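*Asks:* Here it is, the structure in full.
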Amino acid sequence: MNAVNKAPMVATETEAEAQVTQEARPPGNRSEESTSTGTAKKIFVCSPYRPMSETEESRKTELEANLHRARTACRILSTLGFMPLAPHLYFTTFLNDGDKKERADGIRFGMRWLEEADEVWVFGGTISEGMAAEIAKAKELGKTVRSLPEPGRMVELLLKMITENYHVPKNKKTEGQHKAAESEDNDGNEE
């Protein structure tokens with residue numbers, strides 16, 4: 001049996017680097033979304049962290065909801081090709097928010113991230129004391145500050161838009177899609 005030796009196809013170093021760069025680029029990372037260095041635009045995620053509820057059980061539930069909101073916002077941003085900066089998700093993994101000194105350190109570190117961000121995106125209509133300080137700092141630094149709906153609401157609106165653009169029959173829509181359509185008709189206000 002004659003074995004045929006085939007030399008593996010080897011790309012030049014420049015071609016290989018270009019391929020790796022292209023493959024490593026996050027989806028949606030177009031040149032207009034990138035900074036002058038060619039890296040993903042850094043978006044500071046501004047959303048509530050500290051629960052304000054009175055009871056321990058309510059505080060725990062509120063904290064989980066706040067963390068879920070921030071994670072969802074980060075997921076949306078990363079899917080769009082942006083680099084989400086959410087200090088309230090990161091620093092609270094090793095700093096105790098209940099300890100005054102550690103909380104102050106976390107806030108200080110978070111403000112440094114804000115300085116490094118290209119833009120600040122505020123998620124939801126509830127502005128906590130910490131968020132107000134972040135928004136004020138962003139404006140002081142001349143950063144673009146964008147106000148967006150709750151991350152979950154953004155998903156509802158996207159589903160509504162896709163359903164309408166692709167002509168999904170009304171009886172095939174999910175309950176969430178119907179709710180999003182009704183909510184948008186009321187400008188997002190529950191009645």
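What follows draws every value from the coordinates through simple rules; no lab data is involved. Everything numeric here is computed off the predicted structure, so don't read it as measured data. Cβ: placed from backbone, ideal geometry, glycine included. Neighbour counts: every protein chain shown.
*Asks:* Once amide H atoms are built 1.01 Å from N in the peptide plane, which residues 5 or more positions from Leu85, or in another chain, come under 5 Å H to H?
*Replies:* Answer set, sorted by chain and number: Ile43, Phe44, Val45.
*Asks:* Which number comes out as Rg/Rh for the range 42-165 once both Rg and the Kirkwood Rh are worked out on C-alpha atoms?
*Replies:* Over the Cα atoms of the range 42-165, Rg/Rh equals 0.98.
*Asks:* Report the number of Lys pairs in the range 33-156 whose alpha-carbons are under 24 Å apart, with separation of 8 or more residues or on distinct chains.
*Replies:* So the count of such lysine pairs works out to 10.
*Asks:* Can you list the chymotrypsin sites (Phe, Trp or Tyr not before Pro) in the range 54-157 that are in a DSSP coil and have 12 or fewer other beta carbons within 10 angstrom?
*Replies:* Here the sparse-neighbourhood loop sites are Phe94.
*Asks:* Still on this structure, please answer the following. At 7 Å along Cα-to-Cβ for each site, give me the label-to-label distance between Thr93 and Val155 in nm.
*Replies:* Once both label points are built, they end up 2.1 nm from each other.
*Asks:* Can you tell me how much longer the chain between His68 and His167 gets when fully stretched, taken as 0.36 nm per residue apart minus their C-alpha distance, in nm with one decimal?
*Replies:* Computed gain between His68 and His167 is 32.5 nm.
*Asks:* Can you run phi through the Karplus equation (6.51, -1.76, 1.60; θ = phi - 60°) for the range 151-165 and list ³J(HN,Hα) in whole Hz, with x for Gly and Pro?
*Replies:* Coupling constants for the range 151-165: x, x, 5, 4, 5, 4, 5, 4, 4, 4, 4, 4, 4, 6, 5 Hz.
*Asks:* Report the Cα centroid-to-centroid distance between the range 101-137 and the range 61-75 in angstrom, as an integer.
*Replies:* 15 Å
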